Structure formats: structure tokens, C-alpha cells
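Here the structure is laid out as C-alpha cells; the discussion comes afterwards.
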Amino acid sequence: MTGWRPGERRADSASMLRVDQAGEYGATRIYAGQLAVLRANCAEAKLISRMAAQEQRHLGRFDRLIAERGVRPTALQPLWNVAGFALGAVTALISPEAALACTDAVETEIDRHYGHQLDDLGDDDPELSADIADFRADELEHRDTARQAGATKAVGYPVLTAAIRAGCKVAIELSKRI
Ligand SMILES: [Fe+2]
Ligand SMILES: [Fe+2]
């Protein structure tokens, strides 16, 4: 790491974009895993399909920015492919409420993560900040939707969500660097 010099961006936009693209990719894989398990016409599957389409929009935008700016994507993509899908499938196998608790937990961490990024970015990168703020609003809406639809009724909700949130934190730290 080199020190900040006048005229340089303070925030490391490349690392932010790397972790954000990884996170949105992971989100699409979680929802794919859930939708593979849930009955296609159940209420939860309908909610999750709508959220999955929004994650696809987030991912598409970060994919474009990564390409435009020549940022290296995370080398951990194959891991997030499998781990995301497995997390989604396992939570959906436990129960539809556990699938929603997964969304609740993941979006809670993503909201915190995007909030920290917006603080770090300040006025350095208005293009990236605008996307993050836009997507953050969607993630918060996903979290609230999941809670209203019964996430907190999942058996072992406190333990389940704490474990998933801890996993998200590890995934975020890894994807910033690798
Ligand atoms: Fe997203
Ligand atoms: Fe989301």
C-alpha cells in the first residue's frame, strides 16, 4: 500500500468495485440456490424471484464498471458460485422462513458494507457512489420484505442469522483482497 498523495483518490475504488461485484454475484447465486429448492409457485419463491431480478441488475452494472475501469474481478468467483448456491439451497431446505432469514442476514450486512463504502468514498467517485446508494436502497427493501414475510419466525433465527452474517463478513474481507 502506498500513502495518499494530493490529487489522488483517497478511497480505493478498485477494491470496492471488486468486493461489490463479488457480493452481487454471490447474491444471485444464493437466490438461484433458493429458487432451485423452493416450490415454484409458493409465496416465498415469488418474492425471491423479484429480488433475484434486482440482484441481476446490480451485478450487471458492476460487471460493466469492472470492465470499463479495467478492475480485476475477485479470484474467488468460483468459490462464491458454489458457496452462494449452497447457502441458498441449504436455507431453503430448512424452511421457507429460513430462506427469508438468509436474505434478512445477508442484506443487513450488505447495508452496513455499502454504508461504510459511501462514507469512505465521500465525493471521490460520484459515479460509483450513485450506484451504491441506489442498490443499497434495494437491499434494505429486500431485508424488510424478508422480515415482513416471516424471516424472524425461522427456527433458530438468532443463531442462523448470526452465522450467516459472520460468513458475509468473512466473504467481504476476502473479496476485497483476493
Ligand atoms: Fe444487490
Ligand atoms: Fe439484495
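Bear in mind that the values in this text are calculations on the coordinates, not laboratory data. If you're wondering where the values come from, they're calculated on a predicted model, not measured in any experiment. Positions of Cβ are backbone-derived with ideal geometry, glycine not excepted, and every protein chain shown enters the neighbour counts.
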Filter result for Leu76 (more than 19 Å from Glu141 (Cα to Cα), of a type in the set (A, V, I, L, M, F, W, C) and surrounded by fewer than 20 Cβ atoms within 10 Å (Cβ to Cβ)): yes
Breaking point among (1) without any contact (Cβ under 8 Å) to a residue 40 or more places away in the chain; (2) of a type outside the set (Val, Ile, Thr); (3) in a helix (DSSP H, G or I), for Asp120: (1)
The one condition in (1) surrounded by fewer than 21 Cβ atoms within 10 Å (Cβ to Cβ); (2) within 16 Å of ligand 1 (Cβ to nearest atom); (3) over 20 Å from Ala151 (Cβ atoms) that Ala53 fails to fulfil: (3)
Test: residue in the range 92-103 that is closer than 23 Å to Arg39 by Cβ, within 13 Å of ligand 1 (Cβ to nearest atom), under 15 Å from the mean Cα position of the chain (by Cα) and surrounded by 15 or more Cβ atoms within 10 Å (Cβ to Cβ): yes
Scope the range 125-150; condition more than 11 Å from ligand 1 (Cβ to nearest atom), of a type in the set (A, V, I, L, M, F, W, C), in contact with a helix residue (DSSP H, G or I) (Cβ under 7 Å, 6 or more places away or on another chain) and in a helix (DSSP H, G or I); matching residues: Leu128, Ala133, Ala146
Among the candidates Asp125, Asp119, residue that is more than 14 Å from ligand 2 (Cβ to nearest atom) and surrounded by fewer than 16 Cβ atoms within 10 Å (Cβ to Cβ): Asp119
Hey, Pro96 over 12 Å from Glu24 (Cβ atoms), away from ligand 2 (no atom under 16 Å from the Cβ) and not hydrophobic (A, V, I, L, M, F, W, C) or not: yes
